[in-house]
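Asker: Below: one structure in structure tokens.
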Amino acid sequence: TGGAQGFTATAAGPVTPGISVQVWKTPGLEVQATMTLPVGPRGEENLGPRHIRFLHGKPSAFTSTHEGGGLYFSDSMANQDKVFQLVHDYGKGSLPGGFAVTRDDRYLVQALTGKNQVVLLDLYNPVQPKVLGSVGFDADPGEGGRARKGRPAAVAIGSEGARVAVADYTIDVPGEALDGDRRVYMLRIDRETKQLRFDPKFRAELTDQIGVDFNRTKWPHGDTGPARPRAVLFVSPMPRE
């Protein structure tokens with residue numbers, strides 16, 4: 001867990017980010033370990049760990065820090081003494097949001113809300129991840145190229161490791177307001193070029209624009225009004241008996 005360390009969404013005033021990650025045992029909800037994230041050269045990289053993702057093939061994990069802009073890695077999750085190390089700095093003000101790791105543990109996709117980008121990292125060496133490329137969310141990815149608010153925050157990767165769903169909305173509560181334009185896009189990881197790109201086939205059924213705008217009245221299931229895409233996920237169909 002990382003998201004609740006020092007953060008209360010209903011509190012007035014500025015957010016107070018935490019600097020630690022905890023491992024809990026279930027059932028019983030017993031704290032097994034509390035790991036304080038070390039700082040880096042900037043002195044603030046460890047502020048605000050919110051998301052944690054485990055590798056699929058190893059007892060290792062990544063966490064990124066929203067306020068600090070750091071990416072941390074631990075290969076000691078199976079050990080009694082667990083530690084994280086800073087392996088990449090996204091930069092001051094980058095505001096990393098959600099991220100995901102492909103099932104083969106080769107690529108990491110990270111939303112950088114502050115930079116209005118989603119970046120692709122190569123995890124061949126997880127202690128030295130390499131940025132391969134990025135896509136921007138401050139403009140319409142279609143032919144118009146009109147400016148957009150963007151602010152990508154939530155990310156999910158399909159089981160095949162090629163599709164990446166991205167939602168442009170972070171949070172809007174009394175303690176923190178970081179709204180986006182409330183759109184959802186589909187990206188593609190090109191394994192040959194090792195780059196990210198928008199999927200032009202993922203379009204709104206009413207406007208034919210790339211991506212789906214959640215600030216809308218009509219939906220396929222009815223006229224239920226606008227919504228906020230806070231998270232995204234892929235659901236596999238149930239096998240037929």
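Asker: Dipole of segment 15-99, Cα-centred, from +1 at each Lys and Arg C-beta and -1 at each Asp and Glu C-beta, to the nearest 20 debye?
Answerer: Dipole about the Cα centre, nearest 20: 160 debye.
Asker: What chymotrypsin sites (Phe, Trp or Tyr not before Pro) in segment 66-101 are in a loop by DSSP, with at most 13 other Cβ atoms within 10 Å of the Cβ?
Answerer: Filter output for segment 66-101: empty list.
Asker: Could you give the size of the charge dipole of the chain about its Cα centre, using +1 on the Cβ of each K and R and -1 on the Cβ of each D and E, expressed in debye and rounded to the nearest 20?
Answerer: 220 debye
Asker: Give me the number: length gained by fully extending residue 138 to residue 177, i.e. 0.36 nm times residue separation minus the C-alpha to C-alpha distance, one decimal in nm.
Answerer: Full-extension gain reported as 12.2 nm.
Asker: Now a separate question. Under 5 Å between amide H atoms, partner at least 5 residues away or on a different chain: which partners does residue 66 have, H built in plane at 1.01 Å?
Answerer: Correct list: 50.
Asker: If you don't mind, another one. Given R₀ = 35 Å, FRET efficiency for residue 235-residue 31 by Cβ-Cβ distance, to 0.05?
Answerer: 0.65
Asker: Same structure again: For the chain, what is the accessible area per residue in Å² when the probe is 1.4 Å?
Answerer: 52 Å²
Asker: Here's another thing I want to ask about it. Which links in 149/218; 58/194; 92/130; 115/149; 92/115; 149/201 stretch past 20 Å when you go from one Cα to the other?
Answerer: Over 20 Å Cα-Cα: 149/218; 58/194; 149/201.
Asker: Here is a follow-up. Using each residue's phi in segment 92-104, evaluate 6.51 cos²θ - 1.76 cosθ + 1.60 at θ = phi - 60° and report the 3J(HN,Hα) Karplus result to the nearest Hz, with x for Gly and Pro.
Answerer: 4, x, 6, 6, x, x, x, 8, 8, 10, 5, 4, 8
Asker: Let me ask something additional. Specify the longest stretch of the chain that does not include any exposed loop site, a site being one of the trypsin sites (Lys or Arg not before Pro) with a non-H, G, I, E, B DSSP assignment and at most 11 other Cβ atoms within 10 Å.
Answerer: With a cap of 11 other Cβ atoms within 10 Å, the longest stretch comes to 1-145.
Asker: Further, regarding this structure: Dipole of the chain (Lys/Arg Cβ +1, Asp/Glu Cβ -1, origin at the Cα centre): which of 184, 95, 15 lies farthest to the positive side?
Answerer: Highest projection toward the positive end goes to 184.
Asker: Whose amide H sits under 5 Å from the amide H of residue 113, counting only residues 5 or more places off or on another chain, with H placed in the peptide plane?
Answerer: 97
Asker: Another one. Hand me the GluC sites (Glu not before Pro) from segment 174-222 located in a DSSP loop with no more than 16 other Cβ atoms within 10 Å, in residue order please.
Answerer: When the GluC sites (Glu not before Pro) of segment 174-222 are filtered for loop state and at most 16 Cβ neighbours within 10 Å, 192, 205 remain.
Asker: Show me, for segment 60-66, the HN-Hα J-couplings you get by feeding each phi into the Karplus relation (A = 6.51, B = -1.76, C = 1.60, θ = phi - 60°), rounded to Hz, glycine and proline as x.
Answerer: These are the phi-based 3J(HN,Hα) values: 10, 8, 10, 9, 10, 10, 5 Hz.
Asker: Here is a further query. Going through segment 122-195, which chymotrypsin sites (Phe, Trp or Tyr not before Pro) have at most 16 other Cβ atoms within 10 Å and a DSSP loop state?
Answerer: Taking segment 122-195 and a limit of 16 other Cβ atoms within 10 Å, the loop chymotrypsin sites (Phe, Trp or Tyr not before Pro) found are 124.
Asker: If you roll a 1.4 Å probe over the chain with all protein chains in place, what percent of the accessible area is carbon or sulfur?
Answerer: Ligands and nucleic acids excluded, carbon and sulfur reach 51 percent.
Asker: If you don't mind, there's one more thing I want to ask. Report the FRET efficiency, 1/(1 + (r/R0)^6), for residue 202 and residue 130, where r is their Cβ-Cβ distance and R0 is 22 Å, rounded to 0.05.
Answerer: Approximately 0.20, to the nearest 0.05.
Asker: Compute, for segment 68-199, the length of the dipole vector about the Cα centre, with Cβ point charges of +1 (Lys, Arg) and -1 (Asp, Glu) only. Units Debye, rounded to 20.
Answerer: 180 debye
Asker: Please give the contour-minus-distance gain from residue 146 to residue 54: 0.36 nm per residue of separation, less the Cα-Cα distance, rounded to one decimal in nm.
Answerer: 29.4 nm
Asker: Which far-off residues, 5 or more places away or on another chain, put their amide H under 5 Å from the one on residue 37, with H placed in the peptide plane?
Answerer: For residue 37, whose amide H was placed from the backbone, the distant partners under 5 Å are 20, 21.
The values are calculated or read from the model by the stated rules, or taken from the named source; none is laboratory data. Keep in mind the model is a prediction, meaning the values are calculated, not measured. With ideal geometry, Cβ positions are generated from the backbone for all residues, glycine too; neighbour counts draw on all protein chains shown. Ligands, DNA and RNA are stripped out before the accessible areas are found, and what is left, the full protein with its side chains, is counted by its heavy atoms. Shrake-Rupley method; radii C 1.70, N 1.55, O 1.52, S 1.80 Å.
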